[in-house]
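What follows draws every value from the coordinates through simple rules; no lab data is involved. The structure presented is a predicted model; accordingly, all values stated were derived computationally and were not measured. Don't worry about glycine lacking a Cβ; one is built from the backbone with ideal geometry, like all the others, and counts go over all protein chains shown.
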Amino acid sequence: MCAVDSEVEVAVVGAGAWGRVFSSLMLQAGAEVSVWARRRESLSGLAGMHVSTDLNEVVCGKSVVVVALPSAAVREVCSRLPLASGASVVSLSKGLEAETNLFMGDVLAQTLHISPSQVVVVSGPNLSAEIAEGQPSGAVAACLDLQRAQEVSPLFSTHSFRPYLSTDVIGAEVGGVVKNVIAVAVGAAAGMGYQTNTRAMLITRGLAEMARLGKALGAQEATFLGLAGVGDLIATCSSPKSRNFTFGFNMGSGMKREEAFSVSAGVVEGARSARAVLELAGQKGVEMPITAAVAKVVFQGGTVEEMGEYLMGRARKMDGVDIKFV
Ligand SMILES: NC(=O)C1=CN([C@@H]2O[C@H](COP(=O)(O)OP(=O)(O)OC[C@H]3O[C@@H](n4cnc5c(N)ncnc54)[C@H](O)[C@@H]3O)[C@@H](O)[C@H]2O)C=CC1
Ligand SMILES: O=C(CO)COP(=O)(O)O
């Protein structure tokens, strides 16, 4: 364990698409930024930042550490993280851990031996390529300790990026994970040639799935009407810049699962998390048919045609009764 520096310096762990752009946001906001990646070539082009493949060098003594890894890598990397006592950990990852069905905040608290109130979850409609261009966006910065969220969020507040504070950590986590699964389904429908009405139906029913699961896990319903809920859902389900949407699109267009993974421009969290989300929903007695359909296609060799038939063939329901928004 290291001692905390008196000045706020930020470490970023992970230099993929989002880690790099988020680091630039923090540089713009005036922070001193150090970035770690496991490979040196991932660290090129990060002007004005300290970069290293040595975790100790990047993380030791930092009072704020941003974790920008795919969810599958968080446990392994963070178990080696020399975190200063009392440091804040900002989680950018939007996935469930496949083996444990844990959200990233829980994985971070477990592996770093910290209180869950030290974790700030940042989630919103944040397609990194658009943020890199300086296009306006925002995100929820959720922490059980509101004061900590207040202290940390200026580090990534710029003229084009607005953090909104929240204490609904589980709501922000559920939103970030479930929207990726729904984006795979919407992408698949688009790849099959279905257009605006189909997309709107899947997004809307996907929002109901997200809110039902969130409610069962103790989230506030209002979170799902915010940036980390419907905001991110719309962005991810509407853009070919989304890796989740594109993965689904490619499968909908006839590509095999392994090829769709291999041509992806980065991690496809929705495909990786679908089964864990479904298991979690099952434990809570929550129905998530779109998620079930995605899990069938990704994990059980189901076809996208079967996915459509399954969703359209379900027993008819009342609209709007399964979740009541405030
Ligand atoms: N790209 C985006 O627009 C956004 C991404 N996110 C989330 O942020 C997280 C990271 O996403 P991206 O940066 O886009 O991913 P990416 O796929 O672009 O990059 C991931 C990086 O992690 C590295 N990595 C993979 N496995 C590793 C391991 N075991 N140890 C160390 N490094 C490893 C890869 O080499 C790569 O540099 C994901 O959970 C994603 O859902 C959230 C908001 C926006
Ligand atoms: O989380 C994101 C946008 O908010 C990024 O989505 P993709 O991982 O699908 O590219």
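Within the bounds of region 241-252, is there any residue that is surrounded by 24 or more Cβ atoms within 10 Å (Cβ to Cβ) and closer than 24 Å to residue 144 by Cα? Looking through region 241-252, none of the residues is surrounded by 24 or more Cβ atoms within 10 Å (Cβ to Cβ) and closer than 24 Å to residue 144 by Cα. Would you confirm whether or not region 18-31 contains a residue that is more than 16 Å from ligand 2 (Cβ to nearest atom) and of a type in the set (Val, Ile, Thr)? No, region 18-31 contains no residue that is more than 16 Å from ligand 2 (Cβ to nearest atom) and of a type in the set (Val, Ile, Thr). Inspection of region 195-202 finds a residue satisfying the criterion of being buried (at least 17 other Cβ atoms within 10 Å of the Cβ) and in contact with a Ser or Thr (Cβ under 8 Å, 6 or more places away or on another chain).
For region 231-248, a residue qualifies if it is touching a Lys or Arg at 6+ places or on another chain (Cβ under 6 Å) and near ligand 2 (Cβ under 8 Å from one of its atoms), and the qualifying residues are 232, 236.
Taken over region 225-248, the criterion of being touching a Leu at 6+ places or on another chain (Cβ under 8 Å) and within 12 Å of ligand 1 (Cβ to nearest atom) is satisfied by 235, 236, 239, 241, 242. Within region 254-274, not a single residue is among the hydrophobic types (A, V, I, L, M, F, W, C), within 18 Å of the chain's Cα centre (by Cα) and away from ligand 1 (no atom under 16 Å from the Cβ). Among the residues making up region 134-149, a single one is without any contact (Cβ under 8 Å) to a residue 24 or more places away in the chain and in contact with a Ser or Thr (Cβ under 9 Å, 6 or more places away or on another chain): 146.
When each of 63, 52, 88 is tested for being more than 16 Å from ligand 1 (Cβ to nearest atom) and touching a helix residue (DSSP H, G or I) at 6+ places or on another chain (Cβ under 8 Å), the lone residue that passes is 88.
Being closer than 27 Å to residue 242 by Cα and within 20 Å of the chain's Cα centre (by Cα), is that true of even one residue in region 4-12? Within region 4-12, one or more residues are closer than 27 Å to residue 242 by Cα and within 20 Å of the chain's Cα centre (by Cα). State all residues of region 49-75 that are over 11 Å from residue 13 (Cβ atoms) and under 18 Å from the mean Cα position of the chain (by Cα); if no residue qualifies, say none. Within region 49-75, 70, 71, 72, 75 meet the criteria.
What number goes with the only condition from (1) touching a residue at least 12 places away in the same chain (Cβ under 8 Å); (2) within 16 Å of ligand 1 (Cβ to nearest atom) that residue 106 does not pass? All conditions pass for residue 106, except number (1).
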